Amino acid sequence: MDLDVVNMFVIAGGTLAIPILAFVASFLLWPSALIRIYYWYWRRALGMQVRYVRHEDYQFCYSFRGRPGNKPSILMLHGFSAHKDMWLSVVKFLPKNLHLVCVDMPGHEGTTRSSLDDLSIDGQAKRIHQFVECLKLNKKPFHLIGTSMGGHVAGVYAAYYPSDVCSLSLVCPAGLQYSTDNQFVQRLKELQESAAVEKIPLIPSTPEEMSEMLQLCSYVRFKVPQQILQGLVDVRIPHNNFYRKLFLEIVSEKSRYSLHQNMDKIKVPTQIIWGKQDQVLDVSGADMLAKSIANCQVELLENCGHSVVMERPRKTAKLIVDFLASAHNTDNDKKLD
């Protein structure tokens, strides 16, 4: 073989080895950095741009794609201890001609965290209203989507600010009062009674606890490498004290059943999406909402747990698009694809 060719392969091999070794080192030593890069990459690939907007001394962080047009804008509210990027798996399957806005909820990720902030469900709904006003998102009524805690806030928002919202999608929302507690809620009550707030299952502080939380929230058993579990924990640990404070606030007497207390005030067309195998919030909540909201349709997903957005993103996106088409009398193929 010609020496020049040998040299070319050596140089090429060395060039490739550097990024490969850097990736392996990052995976082993700084998995949390890789997770941030992962979200940055997918935002960029999906055309989502990150922006900040202020209401007085309060800063909101959000991502968006598209511009307001003839079709309703869509505002997406994430769940407890998550962030705006949790919606990326669904955004991937949504039409690019829709105007999408994903906001970090109060105290999460890039949105202001203040010890003086009202973290109750009412307080969060009011904060989201401030965000909506800042963007003038309610210049025309928009479609509001929320999951889990975000679904709790979204339902209350639709009850409090009916003129802002033209339709609503609630994905396994919190905030309902059940006749009997499931195993997860019973465990939470035991922890509250014993004041063992360090052991809240939704606030992991070790890779093992992270794995248990993923199993609790998902029907599908994801095989997550130990290093990624460690990275997920490393990202969360600095925020765990805030998450504990927030969790105790949203399960307090003031907030726990806010959606239940306001669901009969929701007048817009409403879609309920719920995983049949949800271990966190019982699927029977869907029937409760359907009986109290006049214009309501329910979609129950087989072989799906609480993390509907992560487990069934394509199906979730299709259900949302189909619901928007039917709720607003548009042609699904011509208007939303």
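The values are calculated or read from the model by the stated rules, or taken from the named source; none is laboratory data. Remember, predicted model here, so these are calculated numbers, not experimental data. Here the Cβ is made from the backbone with ideal geometry for all residues, glycine too, and neighbour counts use every protein chain on show. Please note that ligands, DNA and RNA were not included when accessible areas were found on the heavy atoms of the full protein model with its side chains. Shrake-Rupley method; radii C 1.70, N 1.55, O 1.52, S 1.80 Å.
Using the structure shown, decide if Q227 is farther than 29 Å from C166 by Cβ and modelled with pLDDT of 95 or more. I'd like the intermediate steps shown before the answer.
Numbers: farther than 29 Å from C166 by Cβ: yes; modelled with pLDDT of 95 or more: no.
No.
Take the residues of the stretch 163-218 that are open to solvent by 20 Å² or more (accessible area, probe 1.4 Å) and hydroxyl-bearing (S, T, Y): which is nearest to L324 (Cα to Cα)? Here the answer is S163.
Taking the criterion of being polar (S, T, N, Q), farther than 24 Å from E299 by Cα and free of Cβ contacts under 8 Å to residues at least 24 places away in the same chain, would at least one residue in the stretch 90-101 satisfy it? No: zero hits. Please give the number of the condition V233 fails out of (1) part of a helix (DSSP H, G or I); (2) within 26 Å of K276 (Cβ to Cβ); (3) at pLDDT 85 or above. Only one criterion in (1) part of a helix (DSSP H, G or I); (2) within 26 Å of K276 (Cβ to Cβ); (3) at pLDDT 85 or above is unmet by V233, namely (2).
Which of the residues spanning the stretch 287-309 are open to solvent by 70 Å² or more (accessible area, probe 1.4 Å) and modelled with pLDDT of 95 or more?
Passing the criteria: D287, K291, L300, E302, N303.
Of the residues screened, F80 is one that is on the phi < 0 side of the Ramachandran plot, modelled with pLDDT of 95 or more and in contact with a helix residue (DSSP H, G or I) (Cβ under 7 Å, 6 or more places away or on another chain). On the given criteria, is I11 closer than 30 Å to Q226 by Cα, β-branched (V, I, T) and at pLDDT below 95? When the stated conditions are applied, I11 does not pass them.
The residues on offer are K291, K315, and the sole one that is in contact with a Leu (Cβ under 9 Å, 6 or more places away or on another chain) and free of Cβ contacts under 8 Å to residues at least 24 places away in the same chain is K315.
Against the numbered list (1) open to solvent by 10 Å² or more (accessible area, probe 1.4 Å); (2) under 30 Å from I35 (Cα atoms); (3) free of Cβ contacts under 8 Å to residues at least 60 places away in the same chain; (4) in a helix (DSSP H, G or I), F247 comes up short only at (3).
Being in a loop (DSSP other than H, G, I, E, B) and within 22 Å of V280 (Cα to Cα) is true for just one of Q192, Q177. Which residue is that?
Q177
Going by the structure shown, is R312 buried (at least 16 other Cβ atoms within 10 Å of the Cβ), of a type in the set (K, R) and over 22 Å from S326 (Cα atoms)? Can you show your working first?
Values: buried (at least 16 other Cβ atoms within 10 Å of the Cβ): yes; of a type in the set (K, R): yes; over 22 Å from S326 (Cα atoms): no.
Taking the combined requirement at face value, the residue does not satisfy it.
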